[in-house]
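The next block holds one structure in the form of structure tokens; read it before the comments.
The values are calculated or read from the model by the stated rules, or taken from the named source; none is laboratory data. If you're wondering where the values come from, they're calculated on a predicted model, not measured in any experiment. For accessibility, only protein heavy atoms count, side chains too; no ligands or nucleic acids. Shrake-Rupley method; radii C 1.70, N 1.55, O 1.52, S 1.80 Å.
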Amino acid sequence: MILTSQPFKLFSAFAVAVTFALIVIGGIVRTTGSGLGCPDWPLCYGQAVPPYDIHSQIEFSHRLTTTLVSASVGLMALWATLIYRREKVIVRGAWLAVALLVAQIALGAFVVVYELPPALVGVHLGNALLILATLLAISLSAYRPWEGAPAQSDPALLRLILLSAAAVFALIFSGTVVTGLNAMAACLGWPLCNGDLLPQTGPQAVNLFHRTFAAGVGILLLAVTVRTVRTHKTIASLRKAAHVALGLFGVQVLVGALAVLSTFHPAFNALHLAAAAAVWGGMVALAVVAWRTLR
């Protein structure tokens with residue numbers, strides 16, 4: 001085992017932070033209707049500096065952050081290959097992030113060229129979440145928060161945690177379907193839909209499915225946390241990760257409710273996606289720690 005240096009640890013955390021920021025800015029682009037603020041790619045209205053228009057500025061800031069993420073991912077891959085080539089998780093993860101980033105840039109170009117088709121927007125966000133997960137796994141592998149904890153075989157809990165992470169990913173993707181089908185405003189009020197328990201229209205059905213799915217995921221995360229705390233008291237990193245993931249999910253539910261009650265104010269919509277990305281990060285962290293300690 002090769003111990004990673006403090007500079008690499010800090011850089012890996014920085015890469016995670018800027019990737020998270022990119023996802024949040026992407027949410028702002030979408031909620032403010034700025035996705036076509038720059039109708040061409042990679043330039044903006046045929047020029048390197050965008051015109052002084054709020055939508056163009058927001059979209060271009062998204063592209064600049066993408067450039068920062070790209071440089072970070074590329075440097076991490078080179079750094080890991082040259083210095084930590086024996087750390088296969090870090091090296092393979094870094095090059096996987098490069099491959100996902102290339103796909104992300106191509107998807108972003110297609111989204112602009114084909115004027116934001118909902119399916120591509122959903123895939124674009126999903127791929128961004130995979131990049132975040134990969135970089136977070138690398139950073140955790142560098143910091144090793146599970147060091148010193150006794151390994152405890154619990155394949156059943158490990159499977160449950162991995163299932164929960166997949167469910168959170170699916171939940172976020174279902175949220176992009178709600179937005180893509182313009183079903184957000186189909187249900188005014190929370191938790192009921194326009195005062196009704198059952199949907200009356202197709203968009204209401206899509207919206208209520210997302211809410212019901214979220215409730216199911218919340219119950220699943222609660223079960224994971226309770227079992228983790230009860231059966232693995234000696235693995236502090238695992239218990240902390242479970243509590244963080246559940247707490248972030250609670251924040252996400254609150255933000256989602258506030259977004260509905262505010263009649264989908266852009267600020268709450270952007271915060272809703274930011275909280276969703278944070279929940280996903282928490283679940284990835286929990287899955288990585290569980291993979292290291294429960295196998």
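The residues of the chain expose on average 48 square angstrom of accessible surface per residue, using a 1.4 Å probe on protein heavy atoms.
For the stretch 57-170, the relative contact order is 23 percent, taking Cα pairs closer than 8 Å that sit 6 or more residues apart in sequence and dividing their mean separation by the residue count. Which whole-percent values make up P(r) of the chain when all C-alpha to C-alpha distances are grouped in 5 Å steps starting at zero? Percent of pairs per bin, in order: 1, 5, 11, 15, 16, 15, 14, 10, 7, 3, 1, 0, 0.
The separation of the stretch 168-205 from the stretch 1-34, counted between C-alpha centres, amounts to 29 Å.
Overall shape of the stretch 58-99 was characterised from the C-alpha gyration tensor. The equivalent ellipsoid obtained from it has semi-axes of 26, 9, 5 Å, in decreasing order. Normalised by the number of residues in the chain, the average gap of Cα pairs under 8 Å and 6 or more apart makes the relative contact order 23 percent. Counting every pair of alpha carbons in the stretch 143-295, the share spaced more than 29 Å apart comes to 25 percent.
The stretch 220-269 and the stretch 93-139 have Cα centres separated by 25 Å. Within the accessible area of the chain, the carbon and sulfur atoms contribute 72%, probe 1.4 Å, all protein chains present. Counting pairwise Cα distances across the stretch 201-246, what percent come out greater than 18 angstrom? Within the stretch 201-246, distances greater than 18 Å cover 43 percent of Cα pairs. The calculated P(r) of the stretch 57-149, using every Cα pair and 5 Å bins from 0, goes 3, 13, 20, 21, 16, 11, 8, 5, 2, 1, 0 in percent.
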